[in-house]
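Just so you know, all these numbers are worked out from the coordinates, no wet-lab data involved. What you see is a predicted model; the values in this text were computed from it and never measured. Backbone-built Cβ (ideal geometry, glycine too); neighbour counts: all protein chains shown.
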């Protein structure tokens, strides 16, 4: 069965420190992976998707098929990065599976 | 403003009383989907729709119905709600699938007593 695991419920870092939010998936097909973010009092929104290979707000994520991971990284965290982050897997073309989320808290 | 709207935002009801949560998008999106979010479980997909009159089950469809008679609307129907359907519900839409950005509604917090 397809699954997405985000092992950390809460991640606290200081401003300027590197941050890595972990995401592991299980899926027998070719995965399409996304990171979504929900800032306080805002809607869930797309942060980035692996197919685009882009960097958004300084965040990057690399698909590692060998380790079945899609970790989200940023070299220098900012206070405005504090939010809930969800890793999502698109499978069977039309279905989505979201992880349980990691709350990132960036301390001043 | 391009967006996904849901109504109502909050609802408290009793077991067995049929209810409908509406979802509407004004972006001419083909794909729409319903999710429920429960503590520790993330978002689980209930139903999705590829286009008008085309719907299919997600991971947790039991106890729910949907319809897609118009492109912009995708209501979620609970024919006989039960307490285990107490949850936070999100509607989302996407221009296409495979793969594409999903735009989420604000959420509907449902409590079934």
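Couple of notes before you dig in:
- Convex hull per residue volume in Å³, alpha carbons only, for the range A:33-108: 105
- Taking the average, over residues, of other Cβ atoms within 10 Å as the packing measure, peptides A:85-92, A:14-21, A:60-67 rank A:85-92, A:14-21, A:60-67 from highest down.
- Dimensions in Å of chain B - Rg and Dmax from alpha carbons: 13.1, 39
- Point-to-point label distance, residue B:38-residue B:54, nm (Cα→Cβ direction, 7 Å offset): 3.1
- Stokes-Einstein D for the range B:19-61, Kirkwood Rh over Cα pairs, 4 °C, 1.567 mPa s (µm²/s): 113
- Compared with the alpha-carbon gap, the fully stretched path from residue A:50 to residue A:103 is longer by 17.0 nm at 0.36 nm per residue.
- Mean partner shielding of peptide B:101-109, defined as the number of other chain Cβ atoms within 10 Å of each residue Cβ, is 4.
- Among the residues of A:88-96, the average count of other protein chain beta-carbon atoms within 10 Å of the residue beta-carbon is 5.
- Cα centroid of the range A:7-74 to Cα centroid of the range B:1-36, whole Å: 27
- Solvent-free Debye scattering, log10 I(q)/I(0), computed from the Cα coordinates of the protein assembly as shown at q = 0.13 Å⁻¹: -0.75
- Percent RCO, i.e. relative contact order, over chain B, from Cα pairs under 8 Å lying at least 6 residues apart: 36
- Rounded to 5, the percent of DSSP beta bridges in chain A classed as antiparallel: 85
- For the pair residue A:68 and residue B:67, label points projected 7 Å from Cα toward Cβ lie 4.1 nm apart.
- 10 Å Cβ neighbours from other chains, averaged over peptide B:27-35: 1
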